[in-house]
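First the structure, in the form of structure tokens, and then the observations on it.
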Amino acid sequence: MLILTCPSCGVTGEETEFHAGGEAHIKRFGPGSDDDQFHSYLFAKENPKGVHFERWRHNNGCGKWFHAARDTMTLEVFGTYPAQTLEPPKQIRDKITAKHPGWKWREFS
Amino acid sequence: MSDAVSALNGATYNGFVTVTELGLRGMITLRGDLSSAGVKNAAIGVTGVDMPGQRQVHTVKESGLAWMSPDELLVMTPYAEVGDKLAQIDKLLKGKHYLAVNVSDARAMFRIEGAGVREVMAKLCPVDMAPDAFTPGVFRRTRMAQIPAAIWMPSDDAVQIICFRSVADYAFGLLKDAAEPGSEVGLFA
């Protein structure tokens, strides 16, 4: 079971208090984009075994969205950070590097 | 005008704690910038209690303020005064960016009282109810079995619960079941 800390309200709760919202840091391609871009935006997901970045919502609490960095295999949570960020904070990336040197996820490493 | 009644009309149950539906309570959802002087003044002005910090609640009798999220407060008042209080908020915040809505009839409030209240809540919510972790004054929005709920402890032997009115019967059933005599675990005894 995942234990997540909501960066909006500070509650540390277990996963049934939250709801997963899919992969994080996806760039949207909407009207005006070509078919390949739209296809990759809609369907191409990382779905890794290991380091992953996700969006979560504290739906049984403050109701806010946030980001979480975790390991899909060990369920280790590296950290959570606000939804209003375009990339994982350095502190969390350093923590992942310490555990998984050379990790890569989309354009982040 | 028709008579307003609460979801369970003040139903009670005596188990190893007493469960009471508190009847009609005035509740106003107030959203806005909680750090702004305007919102603070309006909230304090209509309730007469101090501004709560993150995940805190302050109450005096039926009035109070609870911290719901970084941009939302729950303003509690006696049911009969909710219209006046709402008008007062609207007047105090005129021209500012805010939202205030009377949600009294969309909610139900329960109170459980007795030595085993921590245990009853621990059975239903994924929350650490240990006396040093959950103290009176802490306001926690969480999940009670299958429904969202907000809980706080007005004193060491009482818990108050707010849930949606539509699930009041389910919530009452949960609390009755968890408070059934003979089902004490004695975790916090």
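The values are calculated or read from the model by the stated rules, or taken from the named source; none is laboratory data. Fair warning: this is a prediction, and the values are worked out from it, not measured in the lab. In this analysis, Cβ positions are derived from the backbone assuming ideal geometry, glycine residues included, and neighbour counts consider all displayed protein chains. Heads up: the accessible areas ignore ligands, DNA and RNA and are worked out on the full protein's heavy atoms, side chains in. Shrake-Rupley method; radii C 1.70, N 1.55, O 1.52, S 1.80 Å.
Things to note:
- When B:Val46, B:Val17 are checked against the criterion of being buried (at least 19 other Cβ atoms within 10 Å of the Cβ), touching a helix residue (DSSP H, G or I) at 6+ places or on another chain (Cβ under 8 Å) and assigned by TED's automatic domain parsing to the domain that holds B:Ile161, B:Val17 stands alone in meeting it.
- A:Lys95 vs. criteria open to solvent by 80 Å² or more (accessible area, probe 1.4 Å) and either closer than 30 Å to B:Arg31 by Cβ or away from every other protein chain (no Cβ under 14 Å) (or both): yes
- Of all residues in segment B:136-163, those that are within 10 Å of chain A (Cβ to nearest Cβ) and buried (at least 17 other Cβ atoms within 10 Å of the Cβ) have Cβ atoms under 6 Å from Cβ atoms of residues that are of a type in the set (Gly, Ala, Ser) and outside any strand (DSSP E or B), 6 or more apart or on another chain, in B:Arg141/A:Gly61.
- Which numbered condition B:Ala171 misses (of (1) farther than 30 Å from B:Leu86 by Cα; (2) crowded, with 23+ Cβ neighbours inside 10 Å; (3) touching a residue at least 60 places away in the same chain (Cβ under 8 Å)): (1)
- Filter pass, B:Arg141 being of a type in the set (Lys, Arg) and in a strand (DSSP E or B): yes
- Among residues of segment B:50-63 that are small (Gly, Ala, Ser), those with a Cβ under 7 angstrom from a residue that is surrounded by fewer than 14 Cβ atoms within 10 Å (Cβ to Cβ) and not in a strand (DSSP E or B), sequence gap 6+ or separate chain, pair up as B:Ser63/B:Gly48.
- Counted residues, segment B:94-141 - those being hydrophobic (A, V, I, L, M, F, W, C) and over 18 Å from B:Met27 (Cα atoms): 14
- Top-ranked residue in segment A:8-43 [being within 10 Å of chain B (Cβ to nearest Cβ) and open to solvent by 40 Å² or more (accessible area, probe 1.4 Å); ranked as nearest to B:Phe139 (Cα to Cα)]: A:Thr12
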